[in-house]
1. If I stretch the segment between ALA130 and ARG31 completely, what's the gain in nm (0.36 nm per residue apart, minus their alpha carbon distance), one decimal?
2. I need the phi-derived Karplus couplings for the range 331-347: 6.51 cos²θ - 1.76 cosθ + 1.60, θ = phi - 60°, integer Hz, Gly and Pro marked x.
3. Mind checking the dipole of the chain: about its Cα centre, +1 per Lys or Arg Cβ, -1 per Asp or Glu Cβ, Debye to the nearest 20?
4. Skipping prolines and chain starts, which residues have an amide H placed within reach, meaning under 5 Å, of the one on LYS159, given they are 5 or more residues away or on another chain?
5. Which option, (1) 0.96; (2) 1.03; (3) 1.00, is the value of Rg/Rh (Cα atoms, Kirkwood Rh) that was calculated from these coordinates?
6. Starting with the fewest neighbours, write out VAL214, VAL236 ranked by other beta-carbon atoms found within 10 Å of each beta-carbon.
7. Taking a ≥ b ≥ c as the square roots of the eigenvalues of the Cα gyration tensor of the range 1-87, is the shape rounded (a/c under 1.5), prolate (a/b larger than b/c) or oblate?
8. Arranged by the count of other C-beta atoms within 10 angstrom, fewest first, what order do ILE326, ILE376 take?
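All of the numbers you see were taken from the coordinates with simple rules; none came from a lab. This one's a predicted model, so the numbers in the text were calculated from it and none came from an experiment. Cβ placement follows ideal geometry from the backbone for every residue including glycine, while neighbour counts extend to all protein chains displayed.
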Amino acid sequence: MAVGSERKVNITPIEGIRLAAVESQIRYANRLDLVLVEIAPDSTTAGVFTQNAFCAAPVRIARQRVEQCASRYFLINTGNANAGTGPEGELAAMACCDGLAEIARTSSQQILPFSTGVIGESLPFDKILAALPALYETLSADAWESAAQGILTTDTRPKLASASFTANGSQASISGFAKGSGMIRPNMATLLAYVFTDAQIEKPLLEKILDRAVKNSFNRITVDGDTSTNDCCMLVATGKGSLVITDSDSEAATQFQSELNAVFEQLATDLIRDAEGASKFITIEVSEGASEQECLAVAYTVAESPLVKTAFFASDPNWGRILAAIGRAGLSDLDIESVTVALGDTLLVSKGSVDAAYSESAGQAEMDKDEIRVRINLGRGKVSERVWTSDLSSEYVRINADYRS
């Protein structure tokens, strides 16, 4: 189940990047589950990672290595998160990196491991090691779709995005892929996302650009309010193109940031459209708040309310649930007379109660849509924020009840 038809994406290959995906039967047979990304020498890499205290073994390793040396390979497995596995998990992840390092004739420190899947089970690294030779041999500049397919877990379709543009007379391209359907409320990261550009950008500036892109994309989505143990988002600049960005305030940097933001937003919203059991794509907009913090508090309280989400699933214009969520979001001295709530262009609430012009049929017409826009005006400031979420369906419950079976 997913909201809307699958987008057809023409991916622009990034010079300096090769990819591959194979079946290693980590958890399931006849399924791509092991992905390799090769990064050209002299590329720069930046990453953001989950803030979950129980972060997975590969997250701890990748976070350390990306700061210590230039990355040459990303090794990604699905079917097993290698989280909650203690020292054994770190040894298993490093064994996989060591095995690849021997084949690729590079330092193991230049290989970043990533995992996604079931938490608390030992990583079957012997299966990964056995699959590495074939994985390495099939590296290709054009294997973007198979790589995007190979990182999926409960997703129903791959997520890819690409952009090509000219800045200051120089051509540049950005391409990437991501996965995630459940356990989504990233905190300084996203589930698994890998984005690449041929622009030349030094690491400190690349890190700033990544933080800006993540803030209003992957850090503005939620499916169920759970932050994964394995979240990560990586941005790689190979420097193989003609665009060189050295100043964050330059026109070229501004345009690059805008193009990157669009790619990130596309990938982030694709995750929500394909959220576990989703039948609705919902945008929560909060305006005229006193601060970013309170706007996000309201947006996330509404977006993560089980009562609100089940009403969306039922296409029930039960606006009282939205109102109750706003009221418990923790805003001090909230003047309810100043708050307005609307579904699309239909005003539901004004002056502390149902709007005089509201009709149930108008509310029903909005709730019957696959894509719903909730507009909340707090009437107490000038700050606005936006969060994307999905509904809570019986299919979501089934998927997560059966997840380990």
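1. Working it through step by step, the gained length comes to 34.1 nm.
2. These are the phi-based 3J(HN,Hα) values: 6, 7, 6, 6, 8, 5, 5, 8, 7, 10, 10, 9, 9, x, 9, 9, 6 Hz.
3. Charge dipole, the chain, about its Cα centre: 300 debye, nearest 20.
4. Sorted by chain and number, the residues that satisfy this are ALA178.
5. (3)
6. Sorted ascending by nearby Cβ count, the order is VAL214, VAL236.
7. On the way: a/c = 1.58, a/b = 1.09, b/c = 1.45.
The shape class here is oblate.
8. ILE326, ILE376
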